[in-house]
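Asks: Have a look at this one.
The values are calculated or read from the model by the stated rules, or taken from the named source; none is laboratory data. Everything numeric here is computed off the predicted structure, so don't read it as measured data. Reconstructed Cβ throughout: ideal geometry from the backbone, glycine too, with neighbour counts over all protein chains shown.
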Amino acid sequence: MTRLFGASPALVRVDLSIRRGEAVVLRGPNGAGKSTLLRVVATALSSTYGGGSVLGFDLATEREEIRRRCELLTHRTRLYEELTARENLELFVRLLGLPAARVDDALERVALADAAGERVRAFSAGMRQKVAVARALVRDPELLLLDEPTTGLDDAARTVVERLVLDAAAAGHTVMIATHHPVAPELGARVVTMRDGAVEAAG
């Protein structure tokens with residue numbers, strides 16, 4: 001697939017196959033196309049030329065089916081700052097029709113149970129990312145897309161993100177991570193190198 005922004009190519013004839021249940025790390029310098037690729041896979045962007053499938057669904061004609069099954073997590077957490085951590089998750093599960101019981105379990109898993117009643121506006125960057133991780137845990141997506149998820153985080157918050165990847169892999173879900181940071185070897189991820197919008201090496 002190819003994605004243009006105006007006349008500038010962001011993705012150039014990207015051809016990448018990922019097995020269900022596989023963890024893949026996208027590596028490369030700024031402008032390599034990593035974030036754009038994740039957004040196309042998540043249907044937040046469309047390809048300009050070419051197509052593909054995600055979880056067996058066509059990227060052009062079955063976008064809603066893909067969205068129901070994937071979660072895109074970035075360092076921009078998309079949280080409501082005037083709500084508490086718990087209220088953010090409760091709103092999320094109501095919108096998706098998920099069991100309310102998942103909220104407390106997810107907050108416990110990211111070590112935020114004690115701060116669940118505090119407003120997000122008072123949280124550090126690491127705590128906000130933990131809430132975003134909890135939201136992904138509540139969703140339990142078949143495909144987890146992580147775009148620079150540990151940028152600016154301390155070691156504790158980075159460990160929470162890595163735990164999310166391990167849990168997803170253990171559940172047989174597929175994970176794609178775009179990052180500049182070293183990835184823990186225990187994640188068992190395949191490295192895909194990108195440069196100038198193209199895949200240089202697919203591991």
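Asks: Name the one entry in Arg78, Arg19 that is surrounded by fewer than 13 Cβ atoms within 10 Å (Cβ to Cβ), within 20 Å of the chain's Cα centre (by Cα), closer than 24 Å to Thr150 by Cα and in contact (Cβ under 8 Å) with a residue 12 or more places away in the chain. Please lay out each step first, then the result.
Replies: Values: Arg19 fails: closer than 24 Å to Thr150 by Cα.
Being surrounded by fewer than 13 Cβ atoms within 10 Å (Cβ to Cβ), within 20 Å of the chain's Cα centre (by Cα), closer than 24 Å to Thr150 by Cα and in contact (Cβ under 8 Å) with a residue 12 or more places away in the chain holds for just one of Arg78, Arg19, which is Arg78.
Asks: Looking at the structure I just gave you, is Glu82 assigned to a helix (DSSP H, G or I), farther than 25 Å from Arg163 by Cα and modelled with pLDDT of 95 or more? It would help to see each step written out before you state the result.
Replies: Numbers: assigned to a helix (DSSP H, G or I): no; farther than 25 Å from Arg163 by Cα: yes; modelled with pLDDT of 95 or more: yes.
For Glu82, the condition - assigned to a helix (DSSP H, G or I), farther than 25 Å from Arg163 by Cα and modelled with pLDDT of 95 or more - is not met.
Asks: Here is a further query. Out of region 81-120, which residues are surrounded by fewer than 12 Cβ atoms within 10 Å (Cβ to Cβ) and closer than 26 Å to Asp155 by Cβ?
Replies: Residues satisfying the conditions are Asp114, Gly117.
Asks: Hey, among the residues in region 148-162 that are of a type outside the set (Ser, Thr, Tyr) and either within 23 Å of Gly56 (Cβ to Cβ) or surrounded by fewer than 15 Cβ atoms within 10 Å (Cβ to Cβ) (or both), which one's nearest to the chain's Cα centre (by Cα)?
Replies: Among those residues, the one meeting the criterion is Gly152.
Asks: Taking into account only those residues within region 163-203 that are under 12 Å from the mean Cα position of the chain (by Cα) and assigned to a helix (DSSP H, G or I), which is nearest to Gly56 (Cα to Cα)?
Replies: Here the answer is Ala168.
Asks: Are any residues in region 1-16 crowded, with 19+ Cβ neighbours inside 10 Å and under 21 Å from Arg190 (Cβ atoms), and if so, which ones? Steps first, please.
Replies: Filtering region 1-16 down to residues crowded, with 19+ Cβ neighbours inside 10 Å leaves 1, 3, 10-11, 14.
Passing the criteria: Met1, Leu11, Val14.
Asks: Could you list all residues from region 103-126 that are assigned to a loop (DSSP other than H, G, I, E, B), in contact with a Leu (Cβ under 8 Å, 6 or more places away or on another chain) and under 17 Å from His75 (Cβ atoms)? First the steps, then the outcome.
Replies: First, the residues of region 103-126 that are assigned to a loop (DSSP other than H, G, I, E, B): 110-112, 116-118, 123-124.
If we keep only those that are in contact with a Leu (Cβ under 8 Å, 6 or more places away or on another chain) as well, we get 110, 116.
The answer is Val110, and nothing else.
Asks: Looking at (1) at pLDDT 85 or above; (2) in a helix (DSSP H, G or I); (3) farther than 21 Å from Ala23 by Cα, which one does Gln129 not meet, given that it meets all the others?
Replies: (3)
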